[in-house]
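The structure appears below as structure tokens.
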Amino acid sequence: MISVDLDASSGLGGRPEAANFEGLTWLKLNFNFIYTGTMPFAPPSRASREELDTVFEMIGHKSFHTLSDNNTRIFQSTFQGKKPRNEDRSVFYESSLGTIVAIFDGHHSDELSEYASKTLPALLCERIQKTLVDEDRNLDHAVRNSLSAGIEDFDRSLLQGFYDIWPKKDQTDWDDPLWLDPGEVFEVIGYSRVNPKFQRARYAVVGSTALVVFIDKAKENVWVASLGDSEAVVGKMKTDGAVLRSKRLNDFHNGKDEKEVQRLNAEHPDEPPVIKYGRVFGSLAVTRALGNHQLKAPLNLAAKILLCAYPAPFGDDWMTELAQAGHVNRPYISSTPSIQHHVIDNDDVLVLYSDGLGYELRNLDEKDKLDLVVTAAAADHALPEKLQKVWSDKLGHRFIAPKAGDNLAERVIKNVCFGTDSEKMIEAIAPSSEPWDDITVVVHQHFVVQLHGRLNTIVVDEDTKVGRPYGAASRLL
């Protein structure tokens, strides 16, 4: 089995590197970027597109891999928003039955998205295999059950990991007045993330969305498990550049989705509305997520003790006010994923993206949004002028023409956000008061290349431009 983290937004050491472009200084440290100095950025007439592209690549990371079947490529690109750390993570994991491709979009921190990306895909693939053997059922049953139960069990394990820190585990008396003293709690869980116990507590407190796609070996079936508001799209293009088909593959779980609002109201019928201003209690955008056990665990545990795994997203006073308002029937965030199965053609392009890209697509209707993503990922030649004008009118910028060696995921980000418009590109990469969320895109593309009578597979690190034969799993840096 092969597992590869598709991003390199954490875990990189080394001294800071500064890059200067016409009065702009970017401090590069561990692939987390701090904006230093004063703006404004040099106008486009002084900063070349090549310079802008260099800065864009510094803020993000891209990679591509060829799977062990020799005819499937996975492209990844991530672009850090205007925040201290990139909280998105993406990963793929190959097994004997198929491949998992996933995006985890952390909130409040990147800790849980990082942890989930390293552990959950392998657990799910192992569970699918075991279910298939033990229950003697078909693959559809095995995948559906394994994704649903596996994700829920993983989320429960986050809180259980916290319980296991304590001598009496989940039998601890959380109402004991002793725990009103934070110092007593810290004596048990530790004082910072350098302590593994404290880090375990952090996994329960912070949160992450999960978009997990399992693709069978034949590339004919996909199962999509979703918590939160990342998105999976499948489609293909005609030779004339028009989209033949595009389709969204997963459900959304946020406070703006009417089905989710109705579900929460039905689960808490005797309480005031859970969704306020399109968010859970006016705070959290998503209604289903990993972690966030301050909104799942009993109040006496969540408000006093989990709070000590600082910085906690929700304070004691805030949670006490919720209880006083009548919000007493937890949980308010679900860890039950929605599961969809779709039949696909093996030459379809499959695109996963976090909600940062979804925000950039917010002004398009559903069909245009899906068609745009498929077009940006699947186009292998310049669009006809008629189609260029269609998208230019909708987006306010022209598409960057495809060229050999493109990273398809990066091309999606660039064409959605700014295309050939350098002023828009500056807005994306230069600091301003406007918020900009992390954007991560993964593209799964089926292909076959014949070289000298045999199939060859090469992995290329697009930061160093070094290629190597595909072998043992490793983080692509």
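So between ASP345 and GLU135, what do we pick up on full extension, going 0.36 nm a residue minus the alpha carbon distance? Walk me through the intermediate numbers first.
On the way: separation 210, 0.36 × 210 = 75.60 nm, distance 2.87 nm.
Here the answer is 72.7 nm.
State, to one decimal in nm, how far the label point of ASP316 lies from the label point of ASP380, with both points 7 Å from Cα in the Cβ direction.
6.3 nm
Where does each of MET425, MET58 land when they are ranked from fewest to most other beta-carbon atoms within 10 angstrom? Each step should come with its number before you reach the end.
Numbers: MET425 22, MET58 18.
Ranking MET425, MET58 by Cβ neighbours within 10 Å, fewest first, gives MET58, MET425.
What list do you get for SER335, SER157, SER230, SER117 if you sort them by fewest beta carbons within 10 Å?
On the way: SER335 22, SER157 15, SER230 28, SER117 25.
Lowest count first: SER157, SER335, SER117, SER230.
Which pairs, out of LYS217/LYS389; LYS118/LYS236; LYS219/LYS394; LYS118/LYS296; LYS276/LYS389; LYS236/LYS389, put more than 28 Å between their alpha-carbon atoms? Mind dumping the intermediate values first?
Numbers: LYS217/LYS389 39 Å; LYS118/LYS236 31 Å; LYS219/LYS394 33 Å; LYS118/LYS296 24 Å; LYS276/LYS389 40 Å; LYS236/LYS389 20 Å.
As for pairs spanning more than 28 Å Cα to Cα, those are LYS217/LYS389; LYS118/LYS236; LYS219/LYS394; LYS276/LYS389.
Rounded to whole Hz and in sequence order, give me ³J(HN,Hα) for the stretch 305-313 from the Karplus expression 6.51 cos²θ - 1.76 cosθ + 1.60, θ = phi - 60°, writing x for Gly and Pro.
Using θ = phi - 60°, the values come out as 9, 4, 4, 6, 7, 6, x, 7, x Hz.
Charges at C-beta only: +1 for Lys and Arg, -1 for Asp and Glu. How large is the resulting dipole of the stretch 61-155 about its Cα centre, in Debye rounded to 20?
Values: 11 positive and 16 negative charges, 101 e Å.
That gives the stretch 61-155 a dipole magnitude of about 480 debye.
In nm, to one decimal, how far is the modelled label at LYS403 from the one at LYS217, with both set 7 Å along Cα→Cβ?
Each label point lies 7 Å from its Cα, and together they span 4.0 nm.
After finding the eigenvalues of the alpha carbon gyration tensor for the stretch 80-135, what semi-axes result from the square roots of 5 times each, listed largest first in whole Å? Display every interim value, and only then the final one.
Numbers: eigenvalues 168, 21, 8 Å².
So the three semi-axes of the stretch 80-135 are 29, 10, 6 Å.
Quick one: 3J(HN,Hα) in Hz for the stretch 401-410, Karplus 6.51/-1.76/1.60 with θ = phi - 60°, rounded, Gly and Pro as x.
5, x, 8, 4, x, 4, 7, 5, 5, 5
Apply the Karplus curve 6.51 cos²θ - 1.76 cosθ + 1.60, θ = phi - 60°, to the phi angles in the stretch 60-74 and return the couplings in whole Hz, x for Gly and Pro.
Couplings: x, 7, 9, 7, 9, 9, 9, 6, 5, 7, 6, 9, 9, 10, 10 Hz.
Which is farthest toward the positive dipole end of the stretch 340-450 among VAL416, GLN445, VAL390, measuring Cα position about the Cα centre, with Cβ charges +1 (Lys, Arg) and -1 (Asp, Glu)?
VAL390
Just how large is the dipole of the stretch 190-344 about the Cα centre, in debye to the nearest 20, putting +1 at every Lys and Arg Cβ and -1 at every Asp and Glu Cβ? Spell out each step's value before the answer.
Values: 20 positive and 15 negative charges, 125 e Å.
Around 600 debye, computed over the stretch 190-344.
Arrange CYS125, CYS308 by Cβ neighbour counts within 10 Å, fewest through most, would you? Write out the running numbers ahead of the final one.
Numbers: CYS125 24, CYS308 20.
Starting with the residue having the fewest Cβ neighbours, the order is CYS308, CYS125.
Just want the answer: with Cβ charges of +1 for Lys and Arg and -1 for Asp and Glu, which residue in MET319, ASN265, GLY278 is farthest toward the dipole's positive end in the stretch 265-322?
So the residue we want is GLY278.
Counting each pair of different Cα atoms once, what's the Kirkwood radius of the stretch 138-212 in Å, rounded to one decimal? List each step's numbers first, then the result.
Details: mean 1/r = 0.0697 Å⁻¹.
In the stretch 138-212 this quantity evaluates to 14.4 Å.
What distance in nm separates the two pseudo spin-label positions at LYS256 and LYS169, each 7 Å out from Cα along the beta-carbon direction?
Between LYS256 and LYS169, the label points sit 4.3 nm apart.
Values in this text are rule-based calculations from the coordinates and carry no lab data. Here the structure is a predicted model, which is why all the values come from computation and not from measurement. Neighbour counts run over all protein chains shown; Cβ positions are idealised from the backbone, glycine included.
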